[in-house]
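Below is the structure I would like to discuss, written out as structure tokens.
The values are calculated or read from the model by the stated rules, or taken from the named source; none is laboratory data. Being a predicted model, the structure only gives us computed values, none of them experimental. All Cβ positions, glycine included, derive from the backbone under ideal geometry; neighbour counts span all protein chains shown. All accessible areas refer to the heavy atoms of the entire protein, side chains included, with ligands and DNA or RNA removed. Shrake-Rupley method; radii C 1.70, N 1.55, O 1.52, S 1.80 Å.
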Amino acid sequence: MSVLQARKAGFPLMNLVRFKGVPILKLLQLEEKLLRTSSDNWCIINDGTNAPNIVMGLSGKASELLELGPVLEDRVPVIRRFTGGGTVVVDPGTIFVTLICNKNAVPGVQPYPHSIMYWTSLLYNKVFEGINDIQLRENDYVFGNRKFGGNAQSITRKRWIHHTSFLWDFEGKNMGYLKLPQKAPEYRLS
């Protein structure tokens, strides 16, 4: 896609960084630094992380979201990220995609969660075109009724960050570290 085609499609010019297996804590630290100190737009892709970790949103409470006994017994690191969003177990099968943009970088996108998520769902529809029918359901990316991506965001005065953890492949055992959240999207209840 040419620069002109990208602009017409509503895609901003971005610096692209690809990693493989960067530990999630280091990735989150880099993302926060770029959000707060850079004026460039960024797309960061990390294919997996080095080991299972639990990542909680800014306001999450471990006692409500985690099965603390198994987490402590297995010594699974728990990280609180600087953005909102839910709690996720990440591991080598998780693909991370982070978009960091200036507020005016994407035509028609307002610096509000719903607007940003709607735009990213259009972007990911292009990425997965011909593979499967991706949809944005409440705050999740789903194939049909199966969640495969969760999101977290932060919006500052001049910029926003939207990161997605795509659960491409995961160990079922790791999901046992999480409690079922008290609030779940409607589509997951059916």
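Just one of Val76, Val55, Val71 is open to solvent by less than 40 Å² (accessible area, probe 1.4 Å), touching a Ser or Thr at 6+ places or on another chain (Cβ under 8 Å) and modelled with pLDDT of 95 or more; which is it?
Just one listed residue meets the conditions, Val55.
Scan the stretch 23-40 for residues that are open to solvent by 30 Å² or more (accessible area, probe 1.4 Å) and either more than 15 Å from His163 (Cβ to Cβ) or in contact (Cβ under 8 Å) with a residue 24 or more places away in the chain (or both) and report the count.
Final tally of qualifying residues: 7.
For the stretch 104-118, state whether one or more residues are closer than 27 Å to Leu65 by Cα, surrounded by 19 or more Cβ atoms within 10 Å (Cβ to Cβ) and not hydrophobic (A, V, I, L, M, F, W, C).
no
Right, here's the next one. Starting from residues that are farther than 12 Å from Ile161 by Cα and polar (S, T, N, Q), keep the ones in the stretch 41-50 and report whichever is farthest from the chain's Cα centre (by Cα).
Checking each candidate, the answer is Asn50.
Moving on. Could you check the stretch 119-135 and list, in sequence order, the residues that are open to solvent by less than 40 Å² (accessible area, probe 1.4 Å) and in a loop (DSSP other than H, G, I, E, B)?
Selection gives Phe128 alone.
If you check every pair at least six apart or on different chains, which have Cβ atoms under 8 Å apart with a residue in the stretch 158-177 that is closer than 22 Å to Glu67 by Cβ first and a residue that is aromatic (Phe, Trp, Tyr) and surrounded by fewer than 21 Cβ atoms within 10 Å (Cβ to Cβ) second?
Short answer, once both residue conditions are applied: Leu167/Phe148.
Of all residues in the stretch 146-157, count the ones that are in contact (Cβ under 8 Å) with a residue 60 or more places away in the chain and part of a loop (DSSP other than H, G, I, E, B).
Adding up the residues that qualify gives 1.
Taking Ile54, is it part of a strand (DSSP E or B), in contact (Cβ under 8 Å) with a residue 40 or more places away in the chain and more than 13 Å from the chain's Cα centre (by Cα)?
Yes.
Another one. Could you tell me which of the residues Phe11, Phe96, Phe82, Phe19 is in a strand (DSSP E or B), closer than 23 Å to Asp140 by Cα and among the aromatic types (Phe, Trp, Tyr)?
The unique qualifying residue is Phe96.
Read through the list (1) farther than 18 Å from Leu58 by Cα; (2) among the polar types (S, T, N, Q); (3) open to solvent by 20 Å² or more (accessible area, probe 1.4 Å), then give the number of the only condition that Asn139 fails.
(1)
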